Amino acid sequence: MAPTMFLKAVHSLAKRGDDDIAGVPKWALVILIMLAGGVVVIIVYGLARFMFPEKENMKPVGAEQADYMREVRARNLNSLLAQYDSGTKFNRQTGQTTDALNSYAEGSTR
């Protein structure tokens, strides 16, 4: 059998204390790593916003479509008011509800 050589443990492989790594406590390293990760995410987000700006995809709507959407919103408001406010109606020309118009005509404020 060949003689075996005895190898000494090198200092860098020696067991360190459980409380710190390179003189910094483990909890501080965890906090620093989390902060560094957050900084990296913010930097990447900023670069992505700079490199790929948001494009405006909305086309201007025509007058006919705007009138139709206004009518749909008024119908929706009327149905909600009828369901929750016992018969209040929305006047499209004035932009007010009928109860608000009646109370204004009577001189009271709501």
Count - residues of region 11-54 that are part of a helix (DSSP H, G or I), modelled with pLDDT of 75 or more and not aliphatic (A, V, I, L, M): 8
Condition check for K8: outside any helix (DSSP H, G or I) and modelled with pLDDT of 65 or more: no
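The values are calculated or read from the model by the stated rules, or taken from the named source; none is laboratory data. In this text the structure is predicted, and so the values were computed from the model without any measurement.
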